[in-house]
Amino acid sequence: MSATPDKPDRYAVIGHPIDHSRSPVIHQLFARQTGENITYEAIDAPREGFEIAVRGFRAAGGKGLNITVPHKRAAFALCEELGTEAAQAGAVNTISFRADGRLRGDNTDGIGFIRDLTENLEQPIEGRSVLVLGAGGAARGILPPLLAAEPAVLVLANRTIERAEAMLTELGSPPDLEASSFEALQGHKPFDVIVNATSAGLRGEQPPFPPSCIGSDSVCYDLAYSLKDTPFVQWARAHHALKAAQGWGMLVEQAAESFWIWRGVRPDTQPILAQLRR
Ligand code: ATR
């Protein structure tokens with residue numbers, strides 16, 4: 001899979017905005033670690049310029065793309081061939097340009113999340129009660145792999161209950177998945193695992209999650225990440241959660257899975273995570 005030494009293979013992440021993306025740094029660290037000869041850049045493309053940006057990158061000899069907010073659904077619509085996780089999530093975060101010109105779409109977000117939670121943080125899902133807060137694109141990506149990990153209970157709670165219900169229907173109404181409003185969780189016993197998939201923290205907001213759903217044995221995971229504690233992590237700590245993590249590990253793990261899809265080489269994520277934390 002290696003390129004000739006003098007001509008690196010080109011990869012990039014496309015999003016809007018894109019200045020804060022850590023993907024270029026992560027993939028460059030992967031390349032250094034594995035000796036793969038690649039370049040990885042960041043491309044800013046607004047919604048209306050997404051398809052042109054993808055096709056332009058391919059025409060310029062690009063090999064693959066990561067897709068981030070707000071283009072994951074558009075990427076799903078654009079790809080001619082889909083991996084199982086992308087088809088389930090209805091969203092694509094990894095595009096590979098096939099030799100025959102076809103666009104292959106994968107979604108590594110769910111795998112990255114599960115790997116961080118179960119392997120890096122050593123939190124099993126099987127047989128445990130899990131609460132997912134939020135019913136947007138981020139939640140959609142993690143629900144199928146969460147269900148596959150066989151929790152005892154999986155509750156999807158959203159400010160707008162109709163959106164949570166619609167997502168259940170989209171996922172084929174699996175028997176182990178329940179929809180709820182935040183209010184209806186009032187008085188619920190604490191969950192083992194609570195995942196924040198709302199975008200509230202990006203604006204510094206903390207939704208009114210009922211305190212009864214969190215206890216001293218709860219493990220809290222924020223899909224968002226920030227250099228300081230996110231509002232959700234602050235909430236978890238204020239309620240004495242057993243553990244409160246944010247999505248740095250998921251970010252690195254989903255990137256490693258994309259790297260594997262493109263290069264057939266799996267980077268060791270631990271030193272990269274340690275380096276990013278520093
Ligand atoms: P993403 O792709 O990041 O998931 P999204 O599809 O726009 O973005 O979804 C955002 C999610 O965050 C939704 O579940 C949204 O709740 P609504 O469906 O009720 O809009 C949730 N969200 C955003 N801001 C919120 C806030 N201040 N309080 C509670 N939920 C919030």
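From the list Arg159, Arg237, exactly one residue is assigned by TED's automatic domain parsing to the domain that holds Gly134, near the ligand (Cβ under 9 Å from one of its atoms) and of a type in the set (Lys, Arg). Which is it?
Working: Arg237 fails: near the ligand (Cβ under 9 Å from one of its atoms).
Residue meeting the stated conditions: Arg159.
Here are Leu78, Leu133, Leu65: which of them is in the same structural domain as Val195 (by TED's automatic domain parsing) and either buried (at least 21 other Cβ atoms within 10 Å of the Cβ) or in contact with a Leu (Cβ under 7 Å, 6 or more places away or on another chain) (or both)?
Working: Leu78 fails: in the same structural domain as Val195 (by TED's automatic domain parsing); Leu65 fails: in the same structural domain as Val195 (by TED's automatic domain parsing).
After applying the criteria, what remains is Leu133.
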- Query: Just for segment 115-136: of the residues that are small (Gly, Ala, Ser) and within 16 Å of the ligand (Cβ to nearest atom), which one is farthest from Ile214 (Cα to Cα)?
  - Reply: Gly136
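Yes/no per residue for (1) under 25 Å from Ala274 (Cα atoms); (2) modelled with pLDDT of 95 or more; (3) among the acidic types (Asp, Glu):
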{"position": "Gln28", "(1), (2), (3)": "yes, yes, no"}
{"position": "Gln33", "(1), (2), (3)": "yes, yes, no"}
{"position": "Asp44", "(1), (2), (3)": "no, yes, yes"}
{"position": "Gly83", "(1), (2), (3)": "no, yes, no"}
{"position": "Ala89", "(1), (2), (3)": "no, no, no"}
- Message: Considering only segment 175-192, I want to know if a residue exists there that is of a type outside the set (Val, Ile, Thr), within 28 Å of Ala255 (Cα to Cα) and touching a Ser or Thr at 6+ places or on another chain (Cβ under 8 Å).
- Response: yes
- Item | Positions within segment 25-49 being within 21 Å of the chain's Cα centre (by Cα) and assigned to a loop (DSSP other than H, G, I, E, B), in sequence order | Ala45, Pro46
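Restricting attention to segment 208-223, and to residues there that are assigned to a loop (DSSP other than H, G, I, E, B) and away from the ligand (no atom under 13 Å from the Cβ), which single residue is surrounded by the most Cβ atoms within 10 Å (Cβ to Cβ)? So that I can check it myself, show each step before the final result.
At the first step, the residues of segment 208-223 found to be assigned to a loop (DSSP other than H, G, I, E, B) are 208-210, 214-218, 223.
Filter again for away from the ligand (no atom under 13 Å from the Cβ), leaving 214-218.
Working: Ile214: 23, Gly215: 16, Ser216: 9, Asp217: 12, Ser218: 21.
Applying the filter and picking the extreme gives Ile214.
Does Arg55 fit the bill of being closer than 19 Å to Val92 by Cβ and among the basic types (Lys, Arg)? Break it down stepwise before answering.
Working: closer than 19 Å to Val92 by Cβ: yes; among the basic types (Lys, Arg): yes.
When the stated conditions are applied, Arg55 passes them.
In the set Glu205, Glu165, Glu183, which member is within 13 Å of the ligand (Cβ to nearest atom), free of Cβ contacts under 8 Å to residues at least 24 places away in the same chain and not hydrophobic (A, V, I, L, M, F, W, C)?
Values: Glu205 fails: free of Cβ contacts under 8 Å to residues at least 24 places away in the same chain; Glu183 fails: free of Cβ contacts under 8 Å to residues at least 24 places away in the same chain.
Residue meeting the stated conditions: Glu165.
Which one is nearest to Ala45 (Cα to Cα) among residues in segment 7-25 that are open to solvent by 40 Å² or more (accessible area, probe 1.4 Å) and not aliphatic (A, V, I, L, M)? Lay out the reasoning, then the answer.
Here is the first cut: in segment 7-25, the residues open to solvent by 40 Å² or more (accessible area, probe 1.4 Å) are 7-8, 10, 16-17, 19-20, 22, 25.
Cutting the leftovers down to not aliphatic (A, V, I, L, M) gives us 7-8, 10, 16-17, 19-20, 22.
On the way: Lys7: 26, Pro8: 23, Arg10: 17, His16: 6, Pro17: 8, Asp19: 11, His20: 14, Arg22: 17 Å.
Among them, the one singled out is His16.
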- Note on the structure: Residue pairs qualifying under the 9 Å Cβ cut-off, at least six apart or on distinct chains, with the first in segment 228-244 being within 21 Å of Glu122 (Cβ to Cβ) and the second being open to solvent by 70 Å² or more (accessible area, probe 1.4 Å) and assigned to a strand (DSSP E or B), are Ala236/Lys243
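Is it the case that Asn66 is within 16 Å of the ligand (Cβ to nearest atom) and closer than 15 Å to Trp262 by Cβ? Break it down into steps so the answer makes sense when it comes.
Details: within 16 Å of the ligand (Cβ to nearest atom): yes; closer than 15 Å to Trp262 by Cβ: yes.
For Asn66, the condition - within 16 Å of the ligand (Cβ to nearest atom) and closer than 15 Å to Trp262 by Cβ - is met.
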- The condition from (1) assigned to a helix (DSSP H, G or I); (2) of a type in the set (Val, Ile, Thr); (3) within 17 Å of Trp262 (Cβ to Cβ); (4) open to solvent by 10 Å² or more (accessible area, probe 1.4 Å) that Val54 misses is numbered (4)
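Looking at Gly105, Gly112, Gly101, can you tell me which residue is small (Gly, Ala, Ser), within 16 Å of the ligand (Cβ to nearest atom) and either without any contact (Cβ under 8 Å) to a residue 12 or more places away in the chain or open to solvent by less than 60 Å² (accessible area, probe 1.4 Å) (or both)?
On the way: Gly105 fails: within 16 Å of the ligand (Cβ to nearest atom); Gly101 fails: within 16 Å of the ligand (Cβ to nearest atom).
From the options Gly105, Gly112, Gly101, the qualifying one is Gly112.
The values are calculated or read from the model by the stated rules, or taken from the named source; none is laboratory data. Only a predicted model underlies this, so the values are computations on that prediction, with no experimental measurement involved. So basically every Cβ, Gly included, is an ideal-geometry build from the backbone, and we count neighbours across all protein chains shown. Heads up: the accessible areas ignore ligands, DNA and RNA and are worked out on the full protein's heavy atoms, side chains in. Shrake-Rupley method; radii C 1.70, N 1.55, O 1.52, S 1.80 Å.
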